[in-house]
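Engineer: Please read through the structure below; I'll follow up with questions.
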There are 2 protein chains.
Amino acid sequence: MSGRLAVIGIGPGDERWLTPEADAALATAEAVYGYGAYLDRVQARPGQTRHPSDNREEGARAAAALTHAAQGANVAVVSGGDPGVFAMAAAVCAEIEAGPPAWRALDIAIVPGITAMLAVAARVGAPLGHDFCALSLSDNLKPWNLIERRLEAAAGAGFVIAIYNPVSQTRPWQLGVAFDRLERLLPVSTPVVFGRAVGRGDERIEVAALGAAKSIAADMATLVIIGSAETRTVVREGRTPFVYTPRAVARASV
Amino acid sequence: MSGRLAVIGIGPGDERWLTPEADAALATAEAVYGYGAYLDRVQARPGQTRHPSDNREEGARAAAALTHAAQGANVAVVSGGDPGVFAMAAAVCAEIEAGPPAWRALDIAIVPGITAMLAVAARVGAPLGHDFCALSLSDNLKPWNLIERRLEAAAGAGFVIAIYNPVSQTRPWQLGVAFDRLERLLPVSTPVVFGRAVGRGDERIEVAALGAAKSIAADMATLVIIGSAETRTVVREGRTPFVYTPRAVARASV
């Protein structure tokens with residue numbers, strides 16, 4: 001019998017975002033691999049082994065899970081959010097491409113999940129309601145000048161921008177520089193949404209104007225959404241304002 | 001007692017993608033509004049009224065649901081996929097902004113869902129594994145020259161492109177022109193994924209090279225993903241090939 005590997009998105013923090021498909025795939029797995037903090041969010045099941053690893057070991061984790069599956073086991077790899085967005089599915093594909101031919105014969109399933117930008121957007125209305133992009137601000141795996149070029153291309157063409165991995169301990173300045181660059185292309189009043197730890201107990205959602213965005217703290221658990229010139233704020237007394245990008249583009253901005 | 005409105009993403013076709021949060025919100029609603037084809041996917045519940053409407057009546061549907069909620073009812077509006085991505089959440093926000101002050105005082109919840117690009121990407125590996133954008137190809141609500149500018153900005157800067165609404169009965173030529181434009185900026189071997197009716201019984205997933213993409217049929221139920229110059233194809237004998245975009249950008253393409 002050949003093995004099976006499921007790469008499973010468990011969504012951001014709230015367990016009510018775990019889909020029935022993901023839950024069923026986790027229930028039948030004999031072994032579960034993942035970053036420790038994500039594994040901690042997965043219910044332990046009798047007879048199932050757990051294989052936590054560090055955050056930046058995606059390649060080694062994928063290879064270990066594939067090796068295990070190739071031995072005939074039913075293996076799961078968990079990702080926070082969606083496994084296809086800056087996460088484990090690409091790492092698994094890369095290991096399959098570089099690995100032994102037997103890995104290409106495995107039964108592999110990618111199980112989609114709610115990715116952070118959708119959950120953060122939902123908290124404030126519909127900032128991603130029209131054309132948008134998702135960009136990782138980490139310059140560990142691509143050069144910073146390419147990131148700046150992508151930010152400027154996206155903002156210049158009118159895309160809303162969702163930023164993953166805005167800040168880490170070794171990357172403290174990149175988000176501030178990104179705001180500086182975008183201020184040259186967008187009104188200072190452009191809404192910026194900071195969604196920290198969305199769906200978890202310590203969730204914090206903040207909305208600021210681009211001109212004041214640098215004063216808001218962000219960290220590794222934050223997802224940032226920067227509006228376009230079309231994005232609007234709707235003040236609601238006693239409630240978080242709504243931020244939304246209309247489906248129709250106003251003639252004036254074309 | 002003031003009313004409540006939940007704007008609920010029910011995911012693409014497969015009911016195993018309906019989150020527990022969405023299911024719970026549907027269970028408590030007294031009235032459910034939505035495009036008829038989406039309402040048909042929602043389980044009928046005793047005592048709950050159903051209010052189907054046509055596909056292109058988003059504004060009127062949002063206003064009707066808000067009016068109903070302002071009367072004190074617990075109302076749901078359903079969206080296929082995620083309500084925040086080219087869907088009902090932006091329409092609801094726009095009606096609130098333009099509507100009576102009482103609508104701003106309503107308890108409004110946006111419930112995220114699996115959006116089509118995540119489900120289609122999962123079927124073929126991880127084409128959205130690195131920086132990407134989501135673009136509606138409909139020129140009903142924005143001019144075609146702006147769509148071309150966005151396509152060119154995104155491809156030129158190295159974003160993978162997920163195309164929503166690629167084709168409709170009144171918009172037969174736009175996708176072919178988009179492929180023509182992108183062929184000037186990307187290798188003809190760039191992988192293109194067509195995901196039709198993902199998660200439904202008549203699901204069809206096809207992968208083609210950009211140079212041959214015009215020969216693949218697309219319709220209103222299709223989501224198209226166009227790779228970047230970094231996107232790779234992994235052939236697997238007897239299985240759909242994997243398409244993935246590596247997390248690391250190769251030096252040669254910078």
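Engineer: How many residues, within the stretch A:36-64, are surrounded by 15 or more Cβ atoms within 10 Å (Cβ to Cβ) and among the hydroxyl-bearing types (Ser, Thr, Tyr)?
Structural biologist: 2
Engineer: Collect the residues in the stretch A:65-78 that are farther than 16 Å from A:ALA44 by Cα, in contact with a helix residue (DSSP H, G or I) (Cβ under 7 Å, 6 or more places away or on another chain) and either open to solvent by less than 10 Å² (accessible area, probe 1.4 Å) or basic (Lys, Arg) (or both), keeping them in residue-number order. Step through it out loud before you land on a result.
Structural biologist: Going residue by residue through the stretch A:65-78, those that are farther than 16 Å from A:ALA44 by Cα are A:65-73.
If we keep only those that are in contact with a helix residue (DSSP H, G or I) (Cβ under 7 Å, 6 or more places away or on another chain) as well, we get A:66, A:70.
Hit for the stretch A:65-78 is A:LEU66, nothing else.
Engineer: Hey, could you check the stretch B:163-206 for residues that are part of a strand (DSSP E or B), out of contact with any helix residue (DSSP H, G or I) (no Cβ under 6 Å at 6 or more places or on another chain) and touching a residue at least 60 places away in the same chain (Cβ under 8 Å) and say which is surrounded by the fewest Cβ atoms within 10 Å (Cβ to Cβ)?
Structural biologist: If we filter the stretch B:163-206 for residues that are part of a strand (DSSP E or B), which is where we start, we get B:163-164, B:168, B:171, B:191-196, B:204-206.
Add one more test, that the residue is out of contact with any helix residue (DSSP H, G or I) (no Cβ under 6 Å at 6 or more places or on another chain), and what stays is B:163-164, B:168, B:171, B:191, B:194, B:196, B:204, B:206.
With the extra rule that they be touching a residue at least 60 places away in the same chain (Cβ under 8 Å), the set shrinks to B:163-164, B:191.
On the way: B:ILE163: 25, B:TYR164: 20, B:PRO191: 26.
Of everything passing the filter in the stretch B:163-206, B:TYR164 is surrounded by the fewest Cβ atoms within 10 Å (Cβ to Cβ).
Engineer: Please give the number of the condition A:LEU146 fails out of (1) open to solvent by 10 Å² or more (accessible area, probe 1.4 Å); (2) without any contact (Cβ under 8 Å) to a residue 12 or more places away in the chain.
Structural biologist: All conditions pass for A:LEU146, except number (1).
Engineer: Okay, moving on. Testing B:TYR33 on (1) free of Cβ contacts under 8 Å to residues at least 12 places away in the same chain; (2) surrounded by 23 or more Cβ atoms within 10 Å (Cβ to Cβ); (3) not small (Gly, Ala, Ser), one condition comes back false. Which one is that?
Structural biologist: So the condition that B:TYR33 fails would be (1).
Engineer: Any idea which residue in the stretch A:27-49 is farthest from A:ASP107 (Cα to Cα), counting only those that are under 23 Å from the mean Cα position of the chain (by Cα) and part of a strand (DSSP E or B)? Give the steps one after another, and end with the answer.
Structural biologist: We begin by selecting, within the stretch A:27-49, every residue under 23 Å from the mean Cα position of the chain (by Cα); these are A:32-43.
Then drop every residue that is not part of a strand (DSSP E or B), which leaves A:32-35.
Numbers: A:VAL32: 16, A:TYR33: 17, A:GLY34: 19, A:TYR35: 22 Å.
Among them, the one singled out is A:TYR35.
Engineer: Tell me which residues, restricted to the stretch B:110-136, are surrounded by fewer than 23 Cβ atoms within 10 Å (Cβ to Cβ) and more than 8 Å from chain A (Cβ to nearest Cβ).
Structural biologist: First, the residues of the stretch B:110-136 that are surrounded by fewer than 23 Cβ atoms within 10 Å (Cβ to Cβ): B:123, B:136.
Passing the criteria: none in range.
Engineer: Scan the stretch B:163-175 and tell me whether some residue there is within 10 Å of chain A (Cβ to nearest Cβ) and among the basic types (Lys, Arg).
Structural biologist: Let us first name the residues in the stretch B:163-175 that are within 10 Å of chain A (Cβ to nearest Cβ), namely B:164.
Checking the rest, the ones that are also among the basic types (Lys, Arg) come to none.
Within the stretch B:163-175, none of the residues are within 10 Å of chain A (Cβ to nearest Cβ) and among the basic types (Lys, Arg).
Engineer: Could you tell me which numbered condition A:ARG16 fails, if it satisfies all but one of (1) more than 10 Å from chain B (Cβ to nearest Cβ); (2) surrounded by fewer than 24 Cβ atoms within 10 Å (Cβ to Cβ); (3) closer than 27 Å to B:GLU21 by Cβ?
Structural biologist: Here A:ARG16 clears every test but (1).
Engineer: Do you know which of the residues in the stretch A:215-254 that are charged (D, E, K, R) and without any contact (Cβ under 8 Å) to a residue 40 or more places away in the chain is farthest from B:GLU97 (Cα to Cα)? Don't jump to the end; show me each part of the working.
Structural biologist: First pass over the stretch A:215-254, keeping only residues charged (D, E, K, R): A:219, A:230, A:232, A:236-237, A:239, A:247, A:251.
Right, trim to without any contact (Cβ under 8 Å) to a residue 40 or more places away in the chain and you get A:236-237, A:239, A:251.
On the way: A:ARG236: 10, A:GLU237: 13, A:ARG239: 14, A:ARG251: 19 Å.
The selected residue is A:ARG251.
Engineer: For the stretch A:226-236, check the following and say yes or no: at least one residue is out of contact with any strand residue (DSSP E or B) (no Cβ under 8 Å at 6 or more places or on another chain), within 14 Å of chain B (Cβ to nearest Cβ) and surrounded by 14 or more Cβ atoms within 10 Å (Cβ to Cβ).
Structural biologist: Looking through the stretch A:226-236, at least one residue is out of contact with any strand residue (DSSP E or B) (no Cβ under 8 Å at 6 or more places or on another chain), within 14 Å of chain B (Cβ to nearest Cβ) and surrounded by 14 or more Cβ atoms within 10 Å (Cβ to Cβ).
Engineer: OK, next. Out of (1) facing another protein chain (nearest Cβ under 7 Å); (2) more than 22 Å from A:LEU128 (Cα to Cα), what's the single condition that is false for B:ILE96?
Structural biologist: Tallying (1) facing another protein chain (nearest Cβ under 7 Å); (2) more than 22 Å from A:LEU128 (Cα to Cα), B:ILE96 fails exactly one: (2).
Engineer: So, one more: Please work out if B:LEU141 is open to solvent by less than 10 Å² (accessible area, probe 1.4 Å), facing chain A (nearest Cβ under 8 Å) and aliphatic (A, V, I, L, M). First the steps, then the outcome.
Structural biologist: Values: open to solvent by less than 10 Å² (accessible area, probe 1.4 Å): no; facing chain A (nearest Cβ under 8 Å): yes; aliphatic (A, V, I, L, M): yes.
No; evaluated as a whole, the condition is false for this residue.
Engineer: Looking only at the stretch B:19-30, which residues are of a type in the set (Asp, Glu) and open to solvent by 80 Å² or more (accessible area, probe 1.4 Å)? I'd like the intermediate steps shown before the answer.
Structural biologist: As a first pass, look at the stretch B:19-30 and keep what is of a type in the set (Asp, Glu): B:21, B:23, B:30.
Of everything in the stretch B:19-30, just one residue is of a type in the set (Asp, Glu) and open to solvent by 80 Å² or more (accessible area, probe 1.4 Å), namely B:GLU30.
The values are calculated or read from the model by the stated rules, or taken from the named source; none is laboratory data. These figures come from a predicted structure and were not determined experimentally. Methodologically, a virtual Cβ is constructed for each residue, glycine included, from the backbone with ideal geometry; neighbour enumeration extends over all protein chains shown. To get the accessible areas, we keep the full protein, side chains included, count just its heavy atoms, and leave off ligands, DNA and RNA. Shrake-Rupley method; radii C 1.70, N 1.55, O 1.52, S 1.80 Å.
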